[in-house]
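What follows is one structure encoded as C-alpha cells, with my remarks underneath.
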Protein chains: 2
Amino acid sequence: MTAEPTTTQRATGRPPAGSASRQHTLRERNLRLVARAIYDAAPSQTSAATPPSRADVAAATGLTRATVSTLVDHLVAARLVAELAPVSAQRAGRPAVPLVPARRTVVGLGLEVNVDYLGVRALDLSGETVADAVEHGSFHDSDPTTVLTRLGALAADVATRLQADGMRVAGARLALPGLVDARTGELEVAPNLGWSSVDPVGLLGLGGLPVHVANEAKLAALAELSGDVPPSFLYVSGDVGIGAAIVVDRALFLAERGWNGEVGHVVVDPAGPRCSCGAHGCLEQYAGKEAVLLAAGLPLDAPLRGLVAALEADDGARDALRRAGRALGSALADFVNLTGVSTVVLGGVYTELEPWLRDDVVAVLRERVLAAPFAEPDVRAARASQHAALTGGAREVLREVVADPAAWV
Amino acid sequence: MTAEPTTTQRATGRPPAGSASRQHTLRERNLRLVARAIYDAAPSQTSAATPPSRADVAAATGLTRATVSTLVDHLVAARLVAELAPVSAQRAGRPAVPLVPARRTVVGLGLEVNVDYLGVRALDLSGETVADAVEHGSFHDSDPTTVLTRLGALAADVATRLQADGMRVAGARLALPGLVDARTGELEVAPNLGWSSVDPVGLLGLGGLPVHVANEAKLAALAELSGDVPPSFLYVSGDVGIGAAIVVDRALFLAERGWNGEVGHVVVDPAGPRCSCGAHGCLEQYAGKEAVLLAAGLPLDAPLRGLVAALEADDGARDALRRAGRALGSALADFVNLTGVSTVVLGGVYTELEPWLRDDVVAVLRERVLAAPFAEPDVRAARASQHAALTGGAREVLREVVADPAAWV
C-alpha cells in the first residue's frame, strides 16, 4: 500500500544507511504524497492544467483509490484542499470532483525590513495575495527594537484581520538584507541597516506564531518559482546593497550556512571608490541604488519612479545606467563563470530598470562568459515585481504546510 | 525484508511522485546497500575503523542476517569484497569475518591530457594505486589525434598488464583542461590545448572499454575525498590555466552543464594585461603557472622544482609568488563570497607552492570575505599531490562499480 520504507525502519529501530533520520508514520507520508500530487497539478499563472480528481491522485501516487479518498477527505475537512463542482465523466460512473488548493483558509506571512521600507504580505494556499501592508521610511543605521516592534505591530494587525475572516496563520518568514545563517536562522549582520547581534524574532513580539529569518534575496528568488523561469538561475536583487541567490533545480543553493551570492562585493575595479566593506571598487559602488541615483544627478532619497522619469527624459541618466549596466555585467560574468548557471533574473530595483540595463549586461556577459558560445546567457527581469521577498517568504511558510499536512489535519 | 519501495512500484507499474525513474530489482538494491555498508566502513588513510562483519552489515542496512550472508557471498565470489581472517568473538558463537574492499581484483583507470603531461593511473577497490604512467611534453596547441592516440596506447599497455595479473578493468575517466559538458561528456573547447570539437573517446581507440570525459579540476577535487577535508570545499587547480571545482556535501556541484569554477578568468584588475580569453587582467595573468615563471625570471618550460629552488634561494621569486598570492586571494574572495563555501583547497602546482602563497591568500580572504568574521576562511594544500585528476578519475570509475555491484556479480 505504501511506497515508503517506514514500517521496516520502525521494526528494526534503525533506518537503512543513507535514509533520512526523521521518522514519519505511514499516514503522514501518504498525506504528504496526496497533498503534493494535488498542489503540483494545480493550475497556475503559467499553466492551465486541469485539476486532478481522486482517481488522478491515486494514479500519480501509486496508492489505492480507497486510501486516497480517505486522505483527501481529511485534507478537505482541514481546509487545505477544496473540491470544485463535479465535471461529467467521459465514461460511465460518478462525475469526477476536481481537487484544488483551498483559498482563504490557511495563510503564510512574509515580513521584511529593508533600507527604505518595511512590509507584511499574506498569501493563501492558492498563491493569492490576501493582505499587503508596506510602509516607506529610511532604516539606514536604524534602531532594531523600534523598527522590529513597528513591523511586528503591522504583522499582528494583518493576522488579526485575517483570523477575523476565518483564516489560520501558519507562520511567518522575516526577510532581512544581511548575513543570515541558513541553518539556525540567526542574523549575523545587516550592514545597510547597521544591525548586528540582533534577535529579530524576539523583537517582533508575535507571541506563539512561528517566525523564521532568512536573507532577503534568497526569499525574493523563491517568488520567481511560480513563473516560467528555468529550473536553475541566479537571482540578483538590486537595492542600496546588491544581494543574490543561486537557485538550482528549483531549490536554493545553501552550502554551509547559505552565505552566498554577495555579488555586490565583487571587485569590478580595484582602483575604484572605497566601499563600506573596506575594499575598493565593489559592484555596489557602481550599480547600487544610491550609486546610480548619485551618478544620475538625483537625490539619494529619490523614489524609483523619479529615476525612471529621468531615464525617459534625460541622456545623462541613461549614461549613468549604462555605466551601472557594464559594471553589473562584469560582476555577473564572474558569477556565471564561477557557478555555471547561465540564466540571470534581475530583481529588486533592477526589475524596473531592466530596459536600460539589459543590453549592457548582455554585451558584457557575451564578452566575458567562457561558455557563452555554447550556452547563450539569458538575462531577464524578475516576474514578481515589488517586494518579492514578501511573496517568497509567505510561499515558504505555505510550502512547509503542504510538505507536512499531517500537522494541520 | 527490504527498506525500498521496489515491489510496490512494480506492482502498480508506476513509481510514486518524486521517486527516481530507473527501476531496480530488490536484489540489485540490496546488493548495493550491502556493498555500500562495507565500503563506507572500510578503514582508510584517515580512519582506523574496524572492518564490519556480516552481522554489522545486517545491523547497518536493516536486512536480515540470512539475506546479508547470501549477498556478501555473491560480492566475495565476484571479488568485489574480500574476507579477512576471522577474529574471535567476544561472546559465544562463530568468530566474525571482517569484510573489506577487495585488492587487485577490479581496477578503474584515470587518464589525463594536460598542457605539459599526459598520464594513466590505475586504482583498485581498496584505493591503492596499482599502476602509474606519466609522460611529460608540451601539448600547447597540439594535434588531438596524435596526443590521444599516444595516451590510448599508454592506457592499453597498462590495461593489458593488469589483465595479465588477473585484474578486471571496469572503465576509464579522461580528464581534460577545458569545458566538458557534465551531462553528455562532450568536450566543447580546451583553450590551452588548442582543442575544440574533438571526440576524445573515439581517438583514444580503447575498443570496448567504457570511457567518460570530465573536466580536470572536477576529477582532481574528487581525489581529496579520501582525506580529512570538510564535506564542502572549493578546489582550485593551478597550472598554465586555473580551473576549480565546487564540492558540496562530498559531491561535485554541477548545475546545468557543470561549467563552473572558472576562477582563472575572474577579473582581478581591468587595467591588467590582456588574457587569452579576450578580457583584461584575469587571474590567469597573475597566478597562472606561466605568469608566475615569467615574473620569477624563469623560462616558461622550467620544471616546478626549478621554481621551488628559486623560491628557496631568491627574494625576487618570492616577490613574484606574493603578487600571485594576492591576486589569487582576490579572485578566491569573490569565489567564497559568491558560493558561501569557506574552505579552499590549493591543488595542481599550488599544492607545492602553498608555503609561499598561503599567507597572502589568507590575508586577502580575511580582508574581503564578508562572512570571514563569522566563519574563518580555511586555506590548505591538497592532500593528493601529483596529477590528482588521475586519482579522482580512477576513483569515479570505482565509485560506480560499488554503486551498482549487480553488474559485476
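The values are calculated or read from the model by the stated rules, or taken from the named source; none is laboratory data. What you see is a predicted model, and the numbers here were worked out from it, not measured in a lab. All Cβ positions, even for glycine, are placed from backbone atoms using ideal geometry, and neighbour counts span all protein chains on display.
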Residue B:160 vs (1) β-branched (Val, Ile, Thr); (2) without any contact (Cβ under 8 Å) to a residue 12 or more places away in the chain; (3) within 30 Å of residue B:264 (Cβ to Cβ): all pass except (3)
Filter the range A:360-374 down to the residues that are within 12 Å of chain B (Cβ to nearest Cβ) and surrounded by fewer than 19 Cβ atoms within 10 Å (Cβ to Cβ) and list them by number.
A:366, A:367, A:372, A:373, A:374
If we ask which residues in the range A:244-277 are touching an Asp or Glu at 6+ places or on another chain (Cβ under 6 Å) and either within 20 Å of residue B:254 (Cβ to Cβ) or of a type in the set (Gly, Ala, Ser) (or both), their number turns out to be 1
Determine which member of the set B:278, B:258 is in a loop (DSSP other than H, G, I, E, B) and either more than 9 Å from chain A (Cβ to nearest Cβ) or without any contact (Cβ under 8 Å) to a residue 24 or more places away in the chain (or both).
B:278
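Identify the residue in the range A:96-122 that is among the hydrophobic types (A, V, I, L, M, F, W, C) and in a loop (DSSP other than H, G, I, E, B) and, among all such residues, is modelled with the lowest pLDDT.
Top of the filtered list is A:115.
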Which one of these does residue A:352 not meet: (1) surrounded by fewer than 24 Cβ atoms within 10 Å (Cβ to Cβ); (2) at the interface with another protein chain (Cβ under 8 Å from one of its Cβ atoms)?
(2)
Subset of the range B:322-335 [more than 14 Å from every other protein chain (Cβ to nearest Cβ) and buried (at least 23 other Cβ atoms within 10 Å of the Cβ)]:
B:324, B:325
Being among the small types (Gly, Ala, Ser) and closer than 23 Å to residue A:246 by Cβ narrows it down to one residue among B:258, B:208; which is it?
B:258
Within the range A:279-303, the count of residues that are surrounded by fewer than 21 Cβ atoms within 10 Å (Cβ to Cβ) and either touching a Phe, Trp or Tyr at 6+ places or on another chain (Cβ under 6 Å) or of a type in the set (Asp, Glu) (or both) comes to 2
Filtered residue count, the range A:165-194, keeping only those that are away from chain B (no Cβ under 14 Å) and outside any loop (DSSP other than H, G, I, E, B):
9
Return the only residue of A:384, A:394 being away from chain B (no Cβ under 14 Å), part of a loop (DSSP other than H, G, I, E, B) and in contact (Cβ under 8 Å) with a residue 60 or more places away in the chain.
A:384
Residue that is surrounded by the most Cβ atoms within 10 Å (Cβ to Cβ) [pool: residues in the range B:232-251 that are more than 7 Å from every other protein chain (Cβ to nearest Cβ) and assigned to a loop (DSSP other than H, G, I, E, B)]
B:241
Within the range B:141-188, restricting attention to residues that are more than 20 Å from residue B:390 (Cα to Cα) and touching a Phe, Trp or Tyr at 6+ places or on another chain (Cβ under 8 Å), which residue is modelled with the lowest pLDDT?
B:188
Just to be sure, is residue B:172 under 30 Å from residue A:339 (Cα atoms) and within 21 Å of the chain's Cα centre (by Cα)?
yes
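Conditions (1) free of Cβ contacts under 8 Å to residues at least 60 places away in the same chain; (2) of a type outside the set (A, V, I, L, M); (3) crowded, with 18+ Cβ neighbours inside 10 Å; (4) within 12 Å of residue B:79 (Cα to Cα), marked per residue:
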position	(1), (2), (3), (4)
B:103	yes, yes, no, yes
B:107	no, no, yes, yes
B:113	no, no, yes, no
B:130	yes, no, yes, no
Looking at the structure I just gave you, is residue B:253 touching a Ser or Thr at 6+ places or on another chain (Cβ under 7 Å) and closer than 18 Å to residue B:337 by Cα?
no
Of all residues making up the range B:336-349, the number that are within 14 Å of chain A (Cβ to nearest Cβ) and at positive phi:
1
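To keep it simple, each residue is scored yes or no on (1) surrounded by fewer than 20 Cβ atoms within 10 Å (Cβ to Cβ); (2) at the interface with chain B (Cβ under 9 Å from one of its Cβ atoms).
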position: A:213; (1), (2): no, no
position: A:216; (1), (2): no, no
position: A:227; (1), (2): yes, no
position: A:253; (1), (2): no, yes
In this structure, is residue A:321 modelled with pLDDT of 95 or more, under 16 Å from residue B:279 (Cβ atoms) and either assigned by TED's automatic domain parsing to the domain that holds residue A:239 or more than 24 Å from the chain's Cα centre (by Cα) (or both)?
no
Is there a residue in the range B:63-80 that is of a type in the set (Val, Ile, Thr), within 14 Å of another protein chain (Cβ to nearest Cβ) and in contact (Cβ under 8 Å) with a residue 40 or more places away in the chain?
yes
Applying the selection to the range B:219-242, what residues are closer than 23 Å to residue B:277 by Cα and either touching a Lys or Arg at 6+ places or on another chain (Cβ under 8 Å) or at pLDDT 95 or above (or both)?
B:234, B:235, B:236, B:237, B:238, B:239, B:240, B:242
Could you please let me know if residue A:153 is free of Cβ contacts under 8 Å to residues at least 60 places away in the same chain, part of a helix (DSSP H, G or I), surrounded by 17 or more Cβ atoms within 10 Å (Cβ to Cβ) and among the hydrophobic types (A, V, I, L, M, F, W, C)?
no
Search result, residues across the range A:273-294 that are under 22 Å from residue A:344 (Cβ atoms) and of a type in the set (Gly, Ala, Ser):
A:281, A:287, A:288, A:291
Being out of contact with any His (no Cβ under 8 Å at 6 or more places or on another chain), in contact (Cβ under 8 Å) with a residue 60 or more places away in the chain and β-branched (Val, Ile, Thr): is that true of residue B:266 here?
yes
